[in-house]
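Beneath this line is the structure, given in structure tokens, with notes to follow.
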Amino acid sequence: DLHSFPTRRSSDLDDQNIAEAQDIAIRRMRDTEADFSLVAGWLSDQRVLKFYEGRDNPHDIGMVREKYRPLVRGEDDAVPCIMILRGTPIGYIQYYPVGVEGSKYYRVDASETTFGIDLFIGDPDLWGKGIGTRALSALTDYLFESLGARLIVIDPRVTNHRAIRSYEKCGFRKVKVIPNQGLHEGLFTHSWLITLEREA
């Protein structure tokens with residue numbers, strides 16, 4: 001159930017966090033070497049890269065800085081954020097308006113109230129503990145309540161069973177398989193389009 005975790009509204013949070021749920025907080029990524037180093041550390045771990053970016057595409061801090069600084073500075077539609085567990089950064093999550101091109105690809109509503117999400121937990125020791133579910137629930141609540149989202153989409157690869165189970169626990173439902181979505185570790189892969197609609 002989407003609302004099974006208590007989430008504070010963004011207006012009640014401090015300047016750092018956009019959402020909180022239990023022991024999880026989500027804050028915007030900052031234009032600092034500390035945040036770039038965090039993401040570079042996660043995206044150089046082969047266990048993480050297996051599911052996000054690919055093991056043939058490890059990121060050093062220079063790559064992370066080049067890729068994520070425009071997002072942090074608002075030069076891209078995606079809003080990059082850091083997941084925090086009891087005060088410790090543990091992963092990356094971003095949201096973005098799907099837009100016209102994305103809506104054609106996903107075949108969903110092209111309105112400004114449709115958002116996409118991407119995320120990963122950077123510490124594999126924390127996988128399978130419900131942390132990603134709590135973080136995703138916090139962010140979806142923020143998108144629905146503060147940004148007026150009506151529909152949220154995620155497109156995990158069909159082989160990422162752990163992530164898909166986590167998303168389904170938040171109320172997301174499988175809609176269709178998107179074939180040959182893109183290259184991952186040199187192979188074209190299929191993805192599930194899974195969606196969550198705002199409750200009436």
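Values in this text are rule-based calculations from the coordinates and carry no lab data. Here the structure is a predicted model, which means the values were calculated and not measured. A quick note on method: Cβ atoms are made from the backbone with ideal geometry, for glycine too, and the neighbour counts reach across all protein chains shown.
Can you spot the lysines whose alpha carbon is less than 27 Å from K67's alpha carbon? Ignore those fewer than 8 places along the same chain.
Cα-Cα hits under 27 Å: K50, K104.
Residue by residue through segment 61-68, what is 3J(HN,Hα) from phi via Karplus (6.51 cos²θ - 1.76 cosθ + 1.60, θ = phi - 60°)? Round to whole Hz and write x for glycine and proline.
Result, ordered by residue: 5, x, 5, 5, 4, 5, 7, 9 Hz.
Determine, for each peptide in 173-181, 66-74, the mean count of other beta carbons within 10 angstrom over its residues, then list the peptides with the highest first.
66-74, 173-181
Divide by every residue of the chain the summed helix terms, -39500 (n - 2.57) for each DSSP H run of at least 4, and state the resulting mean residue ellipticity at 222 nm, rounded to the nearest 500 deg cm²/dmol.
Details: 6 runs with 59 residues, N = 200.
-8500 deg cm²/dmol, from helical runs alone.
So in the chain, what percent of DSSP beta bridges are antiparallel if you round to the nearest 5?
95 percent
Scaled to the compact-protein estimate 2.2 N^0.38 Å, what is the alpha-carbon radius of gyration of segment 90-200, rounded to two decimal places?
Working: Rg = 13.8 Å, N = 111, 2.2 N^0.38 = 13.2 Å.
Expressed relative to 2.2 N^0.38 Å, the Cα Rg reads 1.04.
Quick one: among H190, H59, H161, which has the greatest mean-square fluctuation in a GNM of the chain with alpha-carbon springs under 10 angstrom?
H161
For Q181, enumerate residues with amide H under 5 Å from its amide H, sequence gap 5+ or separate chain, H modeled in the peptide plane.
For Q181, the qualifying residues are T189, H190, S191.
In whole Hz, with x marking every Gly and Pro, tabulate ³J(HN,Hα) for segment 113-124 from phi via Karplus 6.51 cos²θ - 1.76 cosθ + 1.60, θ = phi - 60°.
The phi angles translate into 9, 9, 10, x, 9, 10, 7, 7, 8, x, 10, x Hz.
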